[in-house]
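Trainee: Before anything else, here's the structure in question.
FYI, it's all coordinate maths here, none of it is from the lab. Keep in mind the model is a prediction, meaning the values are calculated, not measured. Backbone-built Cβ (ideal geometry, glycine too); neighbour counts: all protein chains shown.
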Protein chains: 2
Amino acid sequence: MAKTLIPEATVKRLSLYLRCLERLREDGRKVVSSTDLSCHLQTRDAQVRKDLAYFGGFGKRGLGYEVEPLISELKSILGLDRTRKIALVGAGKLGLALVAYPGFKRRNFRISRVFDNAARKIGRLWEGVEIQDVELSDRVMKKEHIEIGIIATPGEDAQGVAERLAKAGVKAILNFAPTRISVSEPVIVKNVDLTLELENVSYHLNRADV
Amino acid sequence: MAKTLIPEATVKRLSLYLRCLERLREDGRKVVSSTDLSCHLQTRDAQVRKDLAYFGGFGKRGLGYEVEPLISELKSILGLDRTRKIALVGAGKLGLALVAYPGFKRRNFRISRVFDNAARKIGRLWEGVEIQDVELSDRVMKKEHIEIGIIATPGEDAQGVAERLAKAGVKAILNFAPTRISVSEPVIVKNVDLTLELENVSYHLNRADV
DNA sequence: ACTTGTGAAGCATTTCACAGCC
DNA sequence: GGCTGTGAAATGCTTCACAAGT
């Protein structure tokens, strides 16, 4: 039913267009051209038009795109117009920083449950959420229909947690642990490896003379 | 002088090969084939061979690639065989989590300076590093030849910090703030937007029926 | 027999260029 | 005049298929 002919690269840029539009809106802009959008991101104007045209003719010829309606359209396309419940496993420094991260709330992502396996952490409150025993996660997550799981454990625990999350009926997993995970269930898995970008930088520094 | 004919996609995979090889080494493997490597990542064997061949004939026909030498080669290509000094600006929850992140140390990235502009944070110790006034950053960074800057401030401060880092002679900037930054100087800028992946997940959940 | 290295083919994405509309 | 939407061309990346080496 869904037309999956849309390039993944296009979908990734949608989020960037949304950010850019929100900034332009704050500056009071009512209408933007594809050229306006393209010069703030690093791409060509034709790319912007083609990307947006995949989802419908949002623009007006001779004029451009209206900022406010386009923001709404993009939010709807990205599914950001409704709240998504998230459970996070691993209440270490990184995990707790993610729970407090304002960028998630701003996009309607709500980390409503936090789990850990360390007795000394269980029961504590963080950002209004109680840290619970990971053993309870299966039941809680099924009952509350939590869609997304975030893994912020040490690398060696990541695979086990991933399998647990998958069994608990999660539809997507975001893995911040520096270990590749694989799941048999039909779950969307995204690995967010914080060192990858640094390694990439290191490579390019190495090449640029010295 | 540098042959820049190497696809960026290849460079990104190099880091993944390195991780995979280190795991295989722990399992006691001495030699691997391109097929071994490809099935752990999600790519084809020919891709692995082509990627590695860009940098030299590391493999032996009929046999495969020796694990230990290949790990060394990849580290050298990625510039991970020497320590890189990093300064982090923004001692909030995310910033401090990054300072403590073990994955960076493991790859020879050393966050040797931490800066903030909040008086109540300045002077505190974290992971053995003193949090310093961001006003001192220019002088300190130039003196210590710090190559990489990490921005972990709120979004509204990111652009200003980026310009400051660029003037302080940094060669690359990793921006964790949810705001696009741009710098005039010839600096490598990488935006690591933690919400991008979540938004991508949200899009795909939206498409997969409900 | 097994596995690399690589030109050639195939596929995906980006850019060009222009018709169509405001 | 300015700007979108879109086929067609160009570019870039991946996969195939096989010669060559061990």
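Trainee: What share of the DSSP beta bridges in chain A is antiparallel, in percent to the nearest 5?
Mentor: 20
Trainee: Among B:55, B:176, B:109, determine the one that fluctuates most according to a GNM of chain B built with springs between C-alpha atoms less than 10 Å apart.
Mentor: Sorting by GNM fluctuation, first place goes to B:55.
Trainee: Skipping prolines and chain starts, which residues have an amide H placed within reach, meaning under 5 Å, of the one on residue B:88, given they are 5 or more residues away or on another chain?
Mentor: Residues meeting the criterion, in which the H sits 1.01 Å from N, are B:113, B:114, B:115, B:150.
Trainee: Mind checking the mean number of beta-carbon atoms from other chains within 10 Å of the Cβ atoms in A:143-149?
Mentor: Averaged over the peptide's residues, the number is 1.
Trainee: With respect to the symmetry axis carrying chain B onto chain A, which residue of chain B exhibits the smallest Cβ distance to that axis, and what is the value in whole Å?
Mentor: Value returned for chain B: B:97, 2.
Trainee: Continuing with the same structure: Give the order of A:111, A:151 when sorted by the count of other beta carbons within 10 angstrom, beginning with the fewest.
Mentor: A:111, A:151
Trainee: Using the 7 Å Cα-to-Cβ label point, sort the distances from residue B:44 to its equivalents in the other copies shortest first and give them in nm to one decimal.
Mentor: 2.7
Trainee: Suppose only helical runs count, i.e. DSSP H with n ≥ 4. What mean residue ellipticity at 222 nm does that imply for chain A under -39500 (n - 2.57) per run, divided by all residues and rounded to the nearest 500 deg cm²/dmol?
Mentor: -13000 deg cm²/dmol
Trainee: On a 25 Å Cα-Cα criterion, which of the cross-link pairs A:12/B:190; A:93/B:167; A:105/A:142; A:143/A:171; A:50/B:171 come out too long?
Mentor: A:93/B:167; A:50/B:171
Trainee: Find the centroid of the Cα atoms in the stretch B:34-103 and in the stretch A:168-210, then give the distance between the two in whole Å.
Mentor: 12
Trainee: Summarise the partner chain shielding of B:91-103 as one whole number: the mean count of Cβ atoms from other chains within 10 Å of each residue's Cβ.
Mentor: 5
Trainee: Take peptides B:94-102, B:186-194 and line them up by average Cβ neighbours within 10 Å, highest first, as a rough protection proxy.
Mentor: Packing order, densest peptide first, comes out as B:94-102, B:186-194.
Trainee: Taking the Cβ of residue A:144 as the centre, find all other residues whose Cβ is under 9 Å away and add up their charges (Lys, Arg: +1; Asp, Glu: -1).
Mentor: Computed value for this residue: +4.
Trainee: Let me ask you something else. Longest segment of chain A with no GluC sites (Glu not before Pro) in a DSSP loop having at most 12 other Cβ atoms within 10 Å?
Mentor: In short, A:1-126.
Trainee: While we're here: Please list, ordered by chain and number, the residues whose modelled amide H lies under 5 Å from the amide H of residue A:126; skip anything fewer than 5 residues away on the same chain.
Mentor: Those qualifying (amide H under 5 Å, at least 5 residues apart or on another chain) are A:131.
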